[in-house]
Structure formats: C-alpha cells, structure tokens
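Below is one structure, written out as structure tokens; the observations come after it.
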Amino acid sequence: MDLFFYLGPIILMLLLLGFVTYAILFERKVIGWIQNRPGPNQVGPWGLFQTIADVAKLLLKEDIVPGKADRALFKLAPIIAFVPAFAILAVIPFTESWQFGDFAVGLLYYIAISSITIIGILTGAWASNNKYSLLGGMRSAAQMISYEIPLVLSVVGIVMTTGSLDLNDIVLAQKKVWFIVPQFLAFLIFLIASLAELNRTPFDLPEAESELVAGYHVEYTGFRFAFFMLAEYVYVFAMASLTTCLFLGGWLPLFGLTMIPGILWFLLKFSLVVFSLFWIRATMPRLRVDQLMQFAWKVLLPLSLLNIFLTAIFKEIPVLSSFY
Amino acid sequence: MLRTEEMLLNMGPQHPSTHGVLRLVIKIDGEIIREVDPVVGYLHRGTEKLAEDLTYTQIIPYTDRLDYVSAMTNNYAVVHATEKLMGLEVPERAEYLRMITMELNRVASHLVWVGTYLLDLGAMSPFLYCFQDRETILNLFNELCGARLTYNYMRVGGVKWDAPEGWLQKVEEFVLYMQKELATYHDLISGNDIFLQRTRGIGIYTKEQALSYALSGSNLRVTGVPWDLRQHQSYSLYHQFQFEIPTGETGDVLDKYHLRMQEIEESLKIVKQVLDVIKEGPIMGKVPKVLRVPEGEVYTGVESPRGELGCHIVSNGKNKPWRLKFRRPSFYNLQILPELLKGENISNLVAILGGIDIILGEVDG
C-alpha cells in the first residue's frame, strides 16, 4: 500500500503525459479525418512521434521574455495555470481502488481547485504587457467565471440524488442507471459549460486566433507556452474523467459485462467524451463575446436552476423517486 | 464610476484575419471599437506605373498578381480594354473559353471566400472542404494553361492555349458535381445556429451608402441593387446566356453569404450553357505580331468576383500604353469599413471585414 502511495502519483503523472502526447495526436488525426485529410503522418509510423517532435522543438526554442513584461509574474503565470490542473486529478476515481484522494468533498475540491487556473491565465495575460493578450485574458476571466456557475449548478441535481459529494459514492449510485438518463438536462448543461471552461471551440474566445492572434499566451514561447498547452490538455483529461464519473457511470460495466475490468470501461467512456470534444471542435464556429455571456446567464443558468427544481420534485414522486 | 481609457490597438499588417497585409489602427474601449483607420499599401507594387514600360502582352502576367484569387478576370480586363481600343474581333471559341475560365474562377474565388470567412468566424472544417473543391478547379486550370494561380492565359485577340482533349468533359463533370456539392455546404453552414447568430444583422448598410461609397459587386447587390456588368454592359458573349442576378434583402453579412452561394450557382449555370454551345474553331483572332494600339483612350468594366474591375487605357499610338489605370474593386469596397465598424466589438470586426471580401493584392495594386 505504501509503495502504491508513493509510486502511484508518479505513474499517473507519466500516464497523463502520455495521454497529453497522444491526445494531441488523436485530436489532429480526428480533425484531419473529419476534414478529408490524413493528419500528421510523417514523423514515425502513422505520425506517432509527431507530438514528441513538437515538444522537442518547443524545448529547443529560445525562451523570450518581452522587454516591458513584468518578469516575475510572467514566469510565474504558467506554473499557476498548470499546477491546479494536476492537483485536481487526485480525486478522480479511475477504478474502485485507484483513486488518490478519496475525500467526502471530492467534487467540491475539483471545482474549487480548477478555478485557480484562471488566475494563472489572467496573470500571464497581464504580465505579457500585450494588448491582444490582455483582451484574451479579460475574455477568459469573464468566460470562466460565468460558466463555472452553471457548471456547478448542473451537478447539484446529482448531489441531491446521491446525497454525497464524494465521487466514489456518485459512481456507485449509478449501478442501476447512469445519471445521463435521469439528469439528461444537467448532462447537456455540464457538457456545454465544460467546453467553455476548457476554452475549446465554440468557446475558444480567449485564444480566438482570427481575432486576438493567440489571446492570453501570445507572448509566450518555448517551454512556458508548452506549460499553458499542457494545462489545457490536462484539463481535457480531467474534465472528460469527471464527465465519465458523474454521468456515464465511471468504471461501472454496461450490460453486466463484469469480465471486462473497470479501468477499460472507464477508458472507453472517457475516450468517447474526448472524441466528442474533438468532434465539436471540427464542426462549430466561434461564439461572439456578448452572446457568450448572454448564453451563460440567460440560458444555462435558468436551465440549471430548473434542473435542480425538477430533481427535487421527481424525488417526491413515488414512481420516479427510485431513479432520483 | 471607474475611469476607463481608450486603447490603441494595431491590428496587422501581420494578423491572421486581415487577409494579407492590411493594417487597421483601431481605438478600442474595452472591446468596443471607437475609431478605425485602415492603412493600405504594404503590398503596393506599382503595377500601373510598371505597365507604362511594358508591351500590352507583357502587362497580362502583372494583372495575375492583382487579384490573385481570380486572375482570369484580371487577364480579361486588360485584354478586353485593349481589344476594344484596337477594334479587334475575337473568335467565338476563344470567347467561350474565356467565359468558362472566368466563371470557374468566380466559383473558385467565392469558395475561397466562404472558406476563409468561416475560418474567421472560428470554424475550421468548411475552409478545408472549400479548398478541396477549389483544388479541382485549379487542377483544371493547370491542365489548360500550366499554372494554378497566375494563369497568364488570355491574349489580346484570343487565348493562349486551346482546351486539351477531354478537358471540356471534365469541366462538365465538375459543374454537375459542384451543383450537388453546394447542398452539402448549405447543410453544414447555412443552418448552423452559431453562424446565424454571428452574421445576422451585422455590418448593415443602405443602398444609398453603398452607392455613395462606390461599392460594386456583391457588396452592392446585397443592398438590393441588381447591378451586374455581365448583363448591364454585356461584354464578351454573356448576352447569349440566361442567368439571374441574385440580390440581398437586409444587407447584413448573412445576406452576403447567401448571395455569394447563389452566385456560385449562377456561374455554374453559365458554364453549363457555354459547354452546350462551344464548337471547334480558332482560338486567336487576326492580330499583328507587334501590338500598336491606335491613339485614344478607353474604359471598360468587367464583373470580377469582387465587383467592377475597370481598366482605363490611354494610348499614344505606341506599343506600350501611355497610362493604364485599374479600378480595383477591393480597394473601393474597403472604403466603407471605418463607417461600418464604429461601435462594433472586435469579434464583429472580423465578421464585417471578412464580409467585404478584399484581396490585398488588389487593394494595394
């Protein structure tokens, strides 16, 4: 047990870096297929070493700090953005036994820690002393704070049903039926809000290439830039894991196929979520800033409140209450 | 109340969505634009001045580099003006080949516009689909004249190359394919809610504004003015064929999108009709070895994908023009930009600028 306690996080870290490496490749491949092109296929067989080559290139790049930037903050920002991304993975239950921090408030911990990243982004945007990055940073602060609210409220229904904030309990409560069925509205809200939290298309306004060039990380080069990218993809990993746990029954098998180990089930559902994120990216245009805020406050927030209300009512109806 | 300050943002000349080297000096208050000052000229090569030292045939490749997205139309603008001044007869087959290439080039140009416009709005895939279909057209051109972008295809009095064997057949196949393919574009783009929200009611101007800014092409037609030089100043053999002039209703950028999609359809229709009547025959008229254009001046306008592409030649009887002036539609269309952008936010800047459809090679001449 002790050995696992010390080695486990290192294994997870390596797995995660492996995931990020291949998620980037997979994303480029998926988008390539959707766009009738092969995607990266030159570096290694089937482009398998493409990301490794990219990371090597980023490492070799000159580390530029703009002359008028706030040097201390500029260097600190990627770290602030990046550390919470790793910290939140502690509470994700990959299988019954493989979870690093099984606390009673796991869900709350996830949400609280993940909001720290925005401080890193804002710091980086401010410290770069660049107008584009400032605009990108402001956008991203507004966006992440706005969408955090429907994101949190959409999972309240689940918390009401299970009576627990512990992600393990939430997964186990889905033995009968996954929460995607009774909490479908919440699932949609969660999916949309999580896209916005991840700054992905159609909510990629903070780095809107055609408007703000690269948004908040416009002045970052080399490995500092890589840290921002890494944080982004670790969040994809974390958010997909959380969606799997909350709505898709985590490691629980489907159709009673218990001979397939839980970790494979988890991976399968998780990959499905990751794929759909990439799919959406290849299909959608970008929202406009004002529409984005309107959508969060006028559509998603009322809907998530409605969801809480409905869950409360359904809990009292005799036939339905077994699902809630 | 917090004290706010206007910020000066220099957008371009290197920026992903200024479509080249346009520079916009904008004053913004938060994300709201207060003032825009477009700075042009980063791609100025002095084509008009250079033309004064070139023979008429030598000018043609320079025109390829003006509006490099529809070089065939540019070729035509200069050869058409020269022919008119010289009073030359152009063989029928040559005119038909010119029309096929010009209309295909219009389709290609509009496809570039649709693709890059969606890219500006943040959608990546339509760009690649459009470029794939455009690629077919470029391959056809490549087969016809050996170039994919700068064709140098037309000559005073005809065209340089006849269509190779089976080429017309391939064009017909493409037209049929593209007519079907347009439906898939509508499936992907026209109903997308985010796209509609981004474009509806954006960048509206009135008919009067459009006319007072000398807008032409789709930028004028979108306000409801059915003005198309292919019908109103019938050049080439356009009068033989049936096609409609699509116009817009509200004048917003969504209308521009629909208008340009319809123009693709109309162009395909024209190509189809030309293919039905084209016959074998000579491709060059009787033209002297050295072109000496009689003294005088001429102005001709042709309908390029972007608007009225005019060519004004003043000749003093030598083999080189004394003065040559292009009315470059992108340049004129761009003038309305500062007025349209006042009070909009930066996301709309991209939507409006993209909607005008400028090519910087043409803006800067």
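The values are calculated or read from the model by the stated rules, or taken from the named source; none is laboratory data. Remember, it's a predicted structure, so these values are computed and weren't measured experimentally. Please note: Cβ atoms are built from the backbone with ideal geometry, for glycine as well, and neighbour counts cover all protein chains shown.
Is at least one residue of the range B:35-46 in contact with a Leu (Cβ under 9 Å, 6 or more places away or on another chain), at pLDDT below 90 and either within 14 Å of chain A (Cβ to nearest Cβ) or within 30 Å of residue B:283 (Cβ to Cβ) (or both)?
Checking the range B:35-46: not a single residue is in contact with a Leu (Cβ under 9 Å, 6 or more places away or on another chain), at pLDDT below 90 and either within 14 Å of chain A (Cβ to nearest Cβ) or within 30 Å of residue B:283 (Cβ to Cβ) (or both).
Out of the helices (runs of 4 or more DSSP H) lying entirely within the range A:1-89, which hold 3 or more residues that are within 18 Å of residue A:235 (Cβ to Cβ)? Don't jump to the end; show me each part of the working.
On the way: elements: A:2-34, A:50-60, A:71-87.
Correct list: A:2-34, A:71-87.
Could you tell me whether the range A:86-97 includes any residue that is farther than 23 Å from residue A:145 by Cα and polar (S, T, N, Q)?
The answer is yes; a qualifying residue exists.
For the range A:91-113, enumerate the residues that are among the hydroxyl-bearing types (Ser, Thr, Tyr) and surrounded by fewer than 22 Cβ atoms within 10 Å (Cβ to Cβ).
Filtering the range A:91-113 for residues among the hydroxyl-bearing types (Ser, Thr, Tyr) gives A:95, A:97, A:109-110.
Matches in the range A:91-113: A:95, A:97, A:109.
Identify the single condition in (1) under 18 Å from the mean Cα position of the chain (by Cα); (2) under 14 Å from residue A:192 (Cα atoms); (3) within 10 Å of another protein chain (Cβ to nearest Cβ) that residue A:296 does not satisfy, given that it satisfies every other one.
Unmet condition: (3).
Could you please let me know if residue A:284 is within 12 Å of chain B (Cβ to nearest Cβ) and of a type in the set (A, V, I, L, M, F, W, C)? So that I can check it myself, show each step before the final result.
Values: within 12 Å of chain B (Cβ to nearest Cβ): yes; of a type in the set (A, V, I, L, M, F, W, C): yes.
Considered against the rule, which asks whether it is within 12 Å of chain B (Cβ to nearest Cβ) and of a type in the set (A, V, I, L, M, F, W, C), residue A:284 comes out as yes.
Across the range B:136-176, which residue is surrounded by the most Cβ atoms within 10 Å (Cβ to Cβ) among those that are under 19 Å from the mean Cα position of the chain (by Cα) and assigned to a loop (DSSP other than H, G, I, E, B)?
Taking the candidates together, the pick is B:151.
Run residue B:118 past the list (1) away from chain A (no Cβ under 14 Å); (2) buried (at least 21 other Cβ atoms within 10 Å of the Cβ) and report the number of the one that doesn't hold.
Only one criterion is unmet by residue B:118, namely (1).
Name the residues in the range A:137-159 that are more than 19 Å from the chain's Cα centre (by Cα) and within 14 Å of another protein chain (Cβ to nearest Cβ), would you?
A:138
Can you tell me how many residues within the range B:261-316 are within 25 Å of residue B:162 (Cα to Cα) and of a type in the set (Gly, Ala, Ser)?
So the answer is 4.
Which condition from (1) loosely packed, with under 14 Cβ neighbours inside 10 Å; (2) in contact with a Gly (Cβ under 9 Å, 6 or more places away or on another chain); (3) closer than 30 Å to residue A:243 by Cβ is the one that residue A:62 breaks?
(3)
Residues that are more than 14 Å from chain B (Cβ to nearest Cβ) and surrounded by 23 or more Cβ atoms within 10 Å (Cβ to Cβ), at least 3 per element: which helices (runs of 4 or more DSSP H) completely within the range A:164-216 meet that?
Details: elements: A:167-172, A:184-197, A:209-212.
Of the helices (runs of 4 or more DSSP H) lying wholly inside the range A:164-216, those with at least 3 residues that are more than 14 Å from chain B (Cβ to nearest Cβ) and surrounded by 23 or more Cβ atoms within 10 Å (Cβ to Cβ) span A:167-172, A:184-197.
Return the pair list, or none, for Cβ contacts closer than 6 Å from residues in the range A:83-104 that are at pLDDT 75 or above to residues that are among the aliphatic types (A, V, I, L, M) and not in a helix (DSSP H, G or I), at least 6 apart or on different chains.
A:84/A:116
Just to verify a result, which residue in the range B:177-204, among those that are of a type in the set (Lys, Arg) and outside any loop (DSSP other than H, G, I, E, B), is surrounded by the most Cβ atoms within 10 Å (Cβ to Cβ)?
Out of the qualifying residues, it is B:198.
Within the range B:205-235, which residues are in a loop (DSSP other than H, G, I, E, B), of a type outside the set (Ser, Thr, Tyr), within 20 Å of residue B:337 (Cα to Cα) and without any contact (Cβ under 8 Å) to a residue 40 or more places away in the chain?
So the first thing to find is which residues in the range B:205-235 are in a loop (DSSP other than H, G, I, E, B), and the list is B:205-206, B:213-217, B:222-228, B:233-235.
Of the ones still in play, those that are also of a type outside the set (Ser, Thr, Tyr) are B:214-215, B:217, B:222, B:224-228, B:233.
Imposing the further condition that a residue be within 20 Å of residue B:337 (Cα to Cα) reduces the set to B:214-215, B:217, B:222, B:224-225.
Within the range B:205-235, B:222, B:224, B:225 qualify.
Considering each of A:196, A:238, A:214 in turn, give the residue that is farther than 24 Å from residue A:88 by Cβ and in the same structural domain as residue A:301 (by TED's automatic domain parsing). Outline the logic, then answer.
Numbers: A:196 fails: farther than 24 Å from residue A:88 by Cβ; A:238 fails: farther than 24 Å from residue A:88 by Cβ.
From the options A:196, A:238, A:214, the qualifying one is A:214.
Of everything in the range B:12-30, what is touching a residue at least 40 places away in the same chain (Cβ under 8 Å), within 22 Å of residue B:124 (Cα to Cα) and within 12 Å of chain A (Cβ to nearest Cβ)? Give them in sequence order.
B:17, B:18, B:19
I'd like the residue in the range B:310-361 that is without any contact (Cβ under 8 Å) to a residue 60 or more places away in the chain and on the phi < 0 side of the Ramachandran plot and, out of all such residues, is nearest to the other protein chains (Cβ to nearest Cβ).
First, pick out the residues of the range B:310-361 that are without any contact (Cβ under 8 Å) to a residue 60 or more places away in the chain: B:314, B:316-318, B:327.
Now restrict to residues that are on the phi < 0 side of the Ramachandran plot: B:314, B:316, B:318, B:327.
Details: B:314: 42, B:316: 48, B:318: 48, B:327: 30 Å.
Only one residue tops the list, namely B:327.
Could you please give the count of residues in the range A:105-146 that are out of contact with any Leu (no Cβ under 6 Å at 6 or more places or on another chain) and of a type in the set (Gly, Ala, Ser)?
Residues flagged as out of contact with any Leu (no Cβ under 6 Å at 6 or more places or on another chain) and of a type in the set (Gly, Ala, Ser) within the range A:105-146 amount to 10.
Given the condition within 14 Å of chain B (Cβ to nearest Cβ), under 29 Å from residue B:351 (Cβ atoms) and either surrounded by fewer than 22 Cβ atoms within 10 Å (Cβ to Cβ) or at pLDDT 85 or above (or both), answer yes or no: does some residue in the range A:226-238 qualify?
Scanning the range A:226-238 turns up no residue that is within 14 Å of chain B (Cβ to nearest Cβ), under 29 Å from residue B:351 (Cβ atoms) and either surrounded by fewer than 22 Cβ atoms within 10 Å (Cβ to Cβ) or at pLDDT 85 or above (or both).
Which condition breaks for residue B:313 when tested against (1) under 23 Å from the mean Cα position of the chain (by Cα); (2) among the β-branched types (Val, Ile, Thr); (3) at pLDDT below 90; (4) outside any helix (DSSP H, G or I)?
It fails just one condition, (3).
Could you run through the range B:327-355 and say how many residues are surrounded by fewer than 24 Cβ atoms within 10 Å (Cβ to Cβ) and under 20 Å from residue B:302 (Cβ atoms)?
Count: 4.
If you check every pair at least six apart or on different chains, which have Cβ atoms under 8 Å apart with a residue in the range B:178-202 that is touching a residue at least 60 places away in the same chain (Cβ under 8 Å) first and a residue that is of a type in the set (Asp, Glu) and in a helix (DSSP H, G or I) second?
Close Cβ pairs (under 8 Å, with a partner that is of a type in the set (Asp, Glu) and in a helix (DSSP H, G or I)) amount to B:178/B:133; B:179/B:265; B:182/B:265.
Which of the residues belonging to the range A:16-53 are under 20 Å from the mean Cα position of the chain (by Cα) and loosely packed, with under 13 Cβ neighbours inside 10 Å?
A:18, the sole residue that qualifies.
Yes or no: the range A:261-278 includes at least one residue that is surrounded by fewer than 21 Cβ atoms within 10 Å (Cβ to Cβ), part of a loop (DSSP other than H, G, I, E, B) and away from chain B (no Cβ under 14 Å).
Yes, the conditions are met somewhere in the range A:261-278.
If the requirement is being of a type outside the set (Ser, Thr, Tyr) and in contact (Cβ under 8 Å) with a residue 60 or more places away in the chain, which of these qualifies: B:50, B:128, B:140, B:111? Can you show your working first?
Working: B:50 fails: in contact (Cβ under 8 Å) with a residue 60 or more places away in the chain; B:128 fails: in contact (Cβ under 8 Å) with a residue 60 or more places away in the chain; B:140 fails: in contact (Cβ under 8 Å) with a residue 60 or more places away in the chain.
Going through B:50, B:128, B:140, B:111 in turn, the sole match is B:111.
Limited to the range B:64-107, what total is found for residues that are touching a helix residue (DSSP H, G or I) at 6+ places or on another chain (Cβ under 6 Å), β-branched (Val, Ile, Thr) and in contact (Cβ under 8 Å) with a residue 60 or more places away in the chain?
So the answer is 6.
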